[in-house]
1. Would you check which residues across the stretch A:30-74 are within 17 Å of A:Lys85 (Cβ to Cβ) and β-branched (Val, Ile, Thr) and list them?
2. Of everything in the stretch B:451-461, what is at pLDDT 80 or above and of a type outside the set (S, T, N, Q)? Give them in sequence order.
3. Looking only at residues that are more than 11 Å from every other protein chain (Cβ to nearest Cβ) and without any contact (Cβ under 8 Å) to a residue 40 or more places away in the chain in the stretch B:4-32, which one is farthest from B:Phe60 (Cα to Cα)?
4. Are any residues in the stretch B:768-813 in contact with a Ser or Thr (Cβ under 9 Å, 6 or more places away or on another chain) and within 30 Å of B:Ala728 (Cα to Cα), and if so, which ones?
5. Of everything in the stretch B:617-641 that's of a type outside the set (A, V, I, L, M) and crowded, with 18+ Cβ neighbours inside 10 Å, which residue is nearest to B:Arg580 (Cα to Cα)?
6. Among the residues of the stretch B:391-411, write down those that are of a type in the set (Gly, Ala, Ser) and closer than 12 Å to B:Ser463 by Cα.
7. Strands (runs of 3 or more DSSP E) wholly in the stretch B:242-336 with at least 3 residues that are of a type in the set (A, V, I, L, M) - which ones?
8. Filter the stretch B:143-173 for residues that are surrounded by fewer than 17 Cβ atoms within 10 Å (Cβ to Cβ) and touching an Asp or Glu at 6+ places or on another chain (Cβ under 8 Å) and give the result.
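The values are calculated or read from the model by the stated rules, or taken from the named source; none is laboratory data. Because the structure is predicted, anything quoted here is derived from the model rather than measured. With ideal geometry, Cβ positions are generated from the backbone for all residues, glycine too; neighbour counts draw on all protein chains shown.
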Amino acid sequence: MKPPSLGEFEELVLLTVAAQHDEAYGVSIKESLEKQLDKTINISAIHVALKRMSEKGFVDARFGGITQDRGGRRKKFYVITAFGKQMLDRQYEIRSSLYHRIPNISFG
Amino acid sequence: MKELPPKYALRFLRWFCREDFIDEIEGDLIEVFEHQYKETPRGANWTFIWQVLLHFRPDFIKSFRDHPLIYPGMLKHNLLITYRGFMRHKSSFLINLLGLSTGLACVFIIYLWVADELSIDKFHKNDRQLYQVMQNRKIPQGIITRTLTPTPLTPALTEEIPEVAAAISISADEERPRGILSTDGKEIVTDGIYTTKNYFEAFSYDLRHGKPEQVLADKNNIVLSQALALKLFPSTTDIIGKSIEWRDRVFQVSGIFSGPPPNSTKQFDFVLNMDVMLERDEYAGMWNGDYAETYVILKEGTDVDQFNEQIGPFLKSKDPGRDRSTLFVQQYSKRYLHARFENGVQAGGRIAYVRLFSLTAFFILLIACINFMNLSTALATRKMKEIGVKKAMGAQRKSLVFQFLSEAVLMSLLSLIIALGWVALVLPQFNLLTDKSLHLNINAEHILIVLGVVISTGLIAGSYPALYLSKFKPVAVLKGVRATSSGEQWLRKGLVVFQFALSVIFIVGVLVVNRQMDYIQTKNIGFNRDHVISFERARFSGDPDVFLSELRNTPGVISVANMWNSILGGGGGQSGYSWRGEVADEDFRFKSPLISYNVVETLGMDVLAGRGFSKEHGDDDSKIVINEAALKLMAIENPIGEKIKYGDDQREIIGVIGDFHYGSIHHLVEPLIFRFARPRARNIMVRIQEGTEKSTLAKMEALYTEFHPPYPFEYTFLDEDYQQLHVAESRVATLSKYFTGLAILISCLGLLGLAAFTAEQRTKEIGIRKILGASVFGIVRLLSADFTKMVILAILLALPISYFMTKNWLAGFAYKIDLEWWYFVAAASVTFFIAWFTVGLQTLKAARVNPATSLRDE
């Protein structure tokens, strides 16, 4: 079986989840990403990414408590799994090794 | 105050979203919404809706497989129950199946016919803007509406009226180019049209070769239909520019078109430039004659009423002599169904039949649906236990409704299969009857419509049983108590009454329509139309007198007459006569056909005084023959030898003939003057010896082809032509017979089912009554009393309605039958006896059962 892949947007979301350890949920991820990338992001895209990644085993989820906010709906918090972290590390290695292979080009 | 996101979007989200995601998604959405709401409330609403829609994707949609209504196990169970129900109650199943399938078949056939009628002349791409210019002309009797207009109208309208994008003339039917087209060695008899250069741009006839704007550019151009081209040339490739001769004139083929489709009212095989007609007939280009049909393409957004006002006095402004004519336009594709004008006002036409048959189809299907409803509710007692148990086990009303509705839809789908079989079987006959070429073709539109009709039939038929049956209270039902509300009884009875009222109306309709048709066919129309052959002689260069006298000398021929108009056409009218008498009205318009010698004798008209035109007396156009109605109008004492004036000319009356029907029987007999025509008149009528038709016709054909090579001898019988005049009505008569038969059949099927059911329900009662000494007849009477009352009520309701409907229909005929009381009595008794027979058989069967059998159990 092929190892599960990690798309670009998924990678961004996974990074955010990792960064906001145990406090990451849909809206927080959206806001953080919007700040970082400086563009608006559809919350549906984040939900889809989160669903797929949890199916692949990159993230785990737990529900928060019921509060008066959010129309009485619980928050769903995500944490990165060990497998997810491994995936991020590999991705990072590949990218940096590729990056270091770039010869010194001057665009002066 | 807390701001709430759009209600419907939220409800939608909750409806489709998976349980395990709804918290996350709804919560996040609301959070985002609240954030945004502080800045732009409207924007927040829209974002929310948009985001809900973005979540509507397979990832988050719940699995409807687990939905209780569509759960496969349940569906299977429902199917099984339905199947068992069908098997157990075979008779009501068959009744339903037969009724519904017949109803559906009627609807499909009528749908095909109606769709075909509606499609006529609609295929032109300019359809919405394409109008025909019509002419209203004032005559003393009122206003007559004509389709013909002068040829100079086309260029004048194009130049002077800005709303006209294009105008087209097409030669009047009498002026069409006919005759022989010849190429090297080949001669084909055919007919075509003259038209203006822009014809193929305005009308969408498929041009295979040639460009629409060029094919008629030159007056020596000719455009051929594919079929005609193949007759004249070996193939249609490379024939552009080839020569064709017609009436000593050479034309060059400039285009080939695929021929008018069957749903075009204009049928023709070749097209010539209008200028050819103008050259051939010096009067054709004048304002005072009507030689053409004029069509206009109006610019988008033109107000038609305003346009009509604008062109109303157009003719008068061109030719002061035409001050009685006003012009108006009618959409071309509406002409076919809305062709009748009364006194200058649109008065229906074939559309009446389209409506009539659509209604019929609807009612027949309704009757079948009513059967289904009645039988299903009647059978409810048998289903009570099932429903009770299901409800006790926790079945929701919803799922019961679903079960019964799906049963009904399944029933109608089964009927569909049988109905399609019916249609396939009947369609060839139907085509013969209606002179159409309808066929079941499978295209998306048809499938959609058929499925739509079938499923809505199922839903309508199933709705009442479904709602009614699912309403039962489980406790009451399981105890065996069934509260039959009087409302339900009323409804069932009401439906039966409705069905039978419709049947009575149908029967009265059929009776009246068919009596009227018989009356028309057999009415003495003032001349003898039997054994008369009629044909139109082709033009030829020789002396027609020779041909006519040869024809007269043919054995088997009794007499020969010729005239310009057709004796059945009703055409031709003239005003400007004045006479010495009590009234003299120069404006009065007489019917004035042009006839030659022997017409009165050949057609066996009554001669009241004097004689008809004859060669021996050397009659010429200074003589006239009038009919009785004209004599009455002129109020002249001794008409023979009397001279009446036409302009400055004197015309001598040499004969008076009895009134006869000139044209269809829809019109009253009008005052008529026979004018004299030279023997050249080409409409020939031949009375032949009865019984010698075959040999005489063979001789006539030989003679004809000798004089008119290469024209084929094409003749008709006058009595058949007369029938053809009233073909629309006789079709209605025949079709109405069939449809009425079906309506009655379906009604009776329903009644049969109900009667069987009642009898079965009262088996025990009947048994006990018999033991106590009731006679068979007494029981039959008891059981059928209810039905008898219903049918009588239906009859009472239906008679006045049918009276008004038939009276209305007859009003369209100038000569009609009286509505006699016995039509209604006959319809009522036929319905009554059929119903009683149906019920009686069932009850008799029930009443004759040995009480020991019916009381054995328990």
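1. A:Val59, the sole residue that qualifies.
2. Those that are at pLDDT 80 or above and of a type outside the set (S, T, N, Q): B:Leu451, B:Gly452, B:Val453, B:Val454, B:Ile455, B:Gly458, B:Leu459, B:Ile460.
3. Filtering the stretch B:4-32 for residues that are more than 11 Å from every other protein chain (Cβ to nearest Cβ) and without any contact (Cβ under 8 Å) to a residue 40 or more places away in the chain, the one farthest from B:Phe60 (Cα to Cα) comes out as B:Lys7.
4. Selection gives B:Ile795, B:Ala798.
5. B:Pro639
6. Within the stretch B:391-411, B:Ser406, B:Ala408 qualify.
7. B:249-257, B:292-298
8. Correct list: B:Arg146 only.
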